[in-house]
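Peer 1: Input: one structure, supplied below.
The values are calculated or read from the model by the stated rules, or taken from the named source; none is laboratory data. This structure is a prediction, so every number in the text was calculated from the model and none was measured. Cβ placement follows ideal geometry from the backbone for every residue including glycine, while neighbour counts extend to all protein chains displayed.
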Amino acid sequence: MVDLHGHLLPGIDDGAKSLEQALHMARQAVADGIVLSVLTPHHLNGVYDNRARQVREHCSVFRGHLREYAIPLEILPGNECHLVPELPAALAEGTALTIADRRRAVLVELPVHTVPLGATNILEEILAMGLQPVIAHPERNGELVEATDQLSEWIEMGCLAQVTAQSCTGRFGPRVQEAARRMLSHGLIHVMASDAHRDSRRIPELTPGREQVARWTSPETAALLTEAFPRALAEGKPVDVGLLNKALLSPKRGFAGWLQRLRA
Ligand SMILES: [Fe+2]
């Protein structure tokens, strides 16, 4: 699996506190079946300023440590960019990092409680630059958790969205979990990521979330969200949204499938 969103780089944001913890997180990722992690320290959120050049350097140092300790996790640099009016300019001048530094897609974070005025305009500006915004964990935003209309509009414009694995398993409460289920079943989610911050609780792990998505939708959908789509984005390739719509329509297995057939 490929994890597009995680705070493993030690000591530069609210993620891993030490190299030791970062290495432990990398081992946890490998144990979960993650082969590639894009490391996405916060940027432009008013607290952390993690510019492209520094993130690339931190990434290459950490890669050296992974090699030294023989941890078979591939890592690539990125940013979790706060959705602020300055973001398009930062992307244009190259101080904010795109996903895996491929200049194709950008991981964009909303404030916790609100959708800021002008958010749609900023997303349009980024799209006009030929970059595809990937909305980080919309299910955890105070406004988007209630209704999917705004997210639908952004997806129709050409944005993608990333759900957090632990939102699906209920770690952030039933409201967030229900929003995740709703967004997923409406085809508004393209990637599942860990958004790992620590080696306990918010850990780099996708499998429990993947299993929940498979139960809610289909195993094919869960595979796209954790393998094919994040892999494409990490390689700077387009995401074939048509595959998602097809997978969502594929018959469910097990009890969910039985219910689906019963309702058909
Ligand atoms: Fe994050």
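Peer 1: Got at least one residue in segment 130-142 being surrounded by fewer than 21 Cβ atoms within 10 Å (Cβ to Cβ), over 23 Å from VAL2 (Cβ atoms) and under 19 Å from the mean Cα position of the chain (by Cα)?
Peer 2: Looking for residues that are surrounded by fewer than 21 Cβ atoms within 10 Å (Cβ to Cβ), over 23 Å from VAL2 (Cβ atoms) and under 19 Å from the mean Cα position of the chain (by Cα), one finds at least one in segment 130-142, hence yes.
Peer 1: Here is a further query. Could you tell me which of the residues GLU124, GLU156, GLU146 is charged (D, E, K, R) and surrounded by 14 or more Cβ atoms within 10 Å (Cβ to Cβ)?
Peer 2: Values: GLU156 fails: surrounded by 14 or more Cβ atoms within 10 Å (Cβ to Cβ); GLU146 fails: surrounded by 14 or more Cβ atoms within 10 Å (Cβ to Cβ).
The conditions single out GLU124.
Peer 1: Sticking with this structure for a sec: Among the numbered conditions (1) at pLDDT 95 or above; (2) assigned to a loop (DSSP other than H, G, I, E, B), tell me where ALA147 comes up short.
Peer 2: (1)
Peer 1: Among the residues that make up segment 190-199, is at least one of them modelled with pLDDT of 95 or more, surrounded by fewer than 21 Cβ atoms within 10 Å (Cβ to Cβ), under 22 Å from VAL239 (Cα atoms) and of a type in the set (Asp, Glu)?
Peer 2: no
Peer 1: Before we move on, is PRO251 outside any helix (DSSP H, G or I), farther than 16 Å from ARG181 by Cβ and modelled with pLDDT under 95?
Peer 2: On the way: outside any helix (DSSP H, G or I): yes; farther than 16 Å from ARG181 by Cβ: yes; modelled with pLDDT under 95: yes.
Answer is yes for this residue.
Peer 1: Which pairs do you get when a residue that is closer than 17 Å to ASN45 by Cβ and of a type in the set (Asp, Glu), found in segment 1-13, comes within reach of a residue that is surrounded by fewer than 23 Cβ atoms within 10 Å (Cβ to Cβ) and at pLDDT below 95, reach meaning Cβ atoms under 7 angstrom, with the pair 6+ apart or on two chains?
Peer 2: Sorted first by the residue in segment 1-13, then by its partner, the pairs are ASP13/TYR48.
Peer 1: Next up: Taking strands (runs of 3 or more DSSP E) that fall entirely within segment 31-92, which contain at least 3 residues that are over 30 Å from HIS113 (Cβ atoms)? Even if it seems obvious, please write down each step before you answer.
Peer 2: Details: elements: 36-39, 74-77, 80-82.
Of the strands (runs of 3 or more DSSP E) lying wholly inside segment 31-92, those with at least 3 residues that are over 30 Å from HIS113 (Cβ atoms) span 74-77.
Peer 1: Applying the selection to segment 24-40, what residues are crowded, with 18+ Cβ neighbours inside 10 Å and either without any contact (Cβ under 8 Å) to a residue 60 or more places away in the chain or of a type in the set (A, V, I, L, M, F, W, C) (or both)?
Peer 2: We begin by selecting, within segment 24-40, every residue crowded, with 18+ Cβ neighbours inside 10 Å; these are 24-26, 28-29, 32, 34, 36-40.
Correct list: MET25, ALA26, ALA29, ILE34, LEU36, VAL38, LEU39.
Peer 1: Pull up segment 65-121, narrow it to residues that are touching a Pro at 6+ places or on another chain (Cβ under 6 Å) and under 20 Å from ILE155 (Cα atoms), then point me to the one that is farthest from the ligand (Cβ to nearest atom).
Peer 2: Step by step, filter segment 65-121, then rank; the result is VAL106.
Peer 1: Please work out which residue is nearest to ALA161 (Cα to Cα), limiting yourself to segment 101-112 and to residues that are assigned to a loop (DSSP other than H, G, I, E, B) and at pLDDT 95 or above. Spell out the reasoning first.
Peer 2: The initial filter retains those residues of segment 101-112 that are assigned to a loop (DSSP other than H, G, I, E, B), namely 102-104, 110-112.
Now restrict to residues that are at pLDDT 95 or above: 102-104, 110.
Numbers: ARG102: 18, ARG103: 17, ARG104: 15, LEU110: 12 Å.
Looking at residues that are assigned to a loop (DSSP other than H, G, I, E, B) and at pLDDT 95 or above, I get LEU110.
Peer 1: Hey, another quick one. Taking segment 214-238 only, how many residues are under 24 Å from PRO77 (Cβ atoms) and not in a helix (DSSP H, G or I)?
Peer 2: Residues flagged as under 24 Å from PRO77 (Cβ atoms) and not in a helix (DSSP H, G or I) within segment 214-238 amount to 4.
Peer 1: Now, a different point. Just to verify a result, which residue in segment 91-107, among those that are buried (at least 20 other Cβ atoms within 10 Å of the Cβ) and under 19 Å from GLN54 (Cα atoms), is nearest to the chain's Cα centre (by Cα)? Write out each step before concluding.
Peer 2: Going through segment 91-107, the residues buried (at least 20 other Cβ atoms within 10 Å of the Cβ) turn out to be 91, 96-100, 105-107.
With under 19 Å from GLN54 (Cα atoms) added as a condition, the list becomes 91, 96-100, 106-107.
On the way: LEU91: 18, ALA96: 17, LEU97: 15, THR98: 13, ILE99: 10, ALA100: 12, VAL106: 10, LEU107: 7 Å.
The selected residue is LEU107.
Peer 1: Looking for something closer than 19 Å to ASP240 by Cβ, modelled with pLDDT of 95 or more and within 16 Å of the ligand (Cβ to nearest atom) - is there at least one such residue anywhere in segment 135-144? Give the steps one after another, and end with the answer.
Peer 2: Quick first cut of segment 135-144, residues closer than 19 Å to ASP240 by Cβ only: 135.
Right, trim to modelled with pLDDT of 95 or more and you get 135.
If we keep only those that are within 16 Å of the ligand (Cβ to nearest atom) as well, we get 135.
Checked against the condition, which is being closer than 19 Å to ASP240 by Cβ, modelled with pLDDT of 95 or more and within 16 Å of the ligand (Cβ to nearest atom), segment 135-144 yields at least one hit.
Here's the yes/no breakdown for (1) touching a strand residue (DSSP E or B) at 6+ places or on another chain (Cβ under 8 Å); (2) among the acidic types (Asp, Glu):
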{"residue": "ALA22", "(1), (2)": "no, no"}
{"residue": "ALA26", "(1), (2)": "yes, no"}
{"residue": "GLU57", "(1), (2)": "no, yes"}
{"residue": "PHE62", "(1), (2)": "yes, no"}
{"residue": "PRO72", "(1), (2)": "no, no"}
{"residue": "LEU87", "(1), (2)": "yes, no"}
{"residue": "GLY94", "(1), (2)": "no, no"}
{"residue": "LEU107", "(1), (2)": "yes, no"}
{"residue": "PRO116", "(1), (2)": "no, no"}
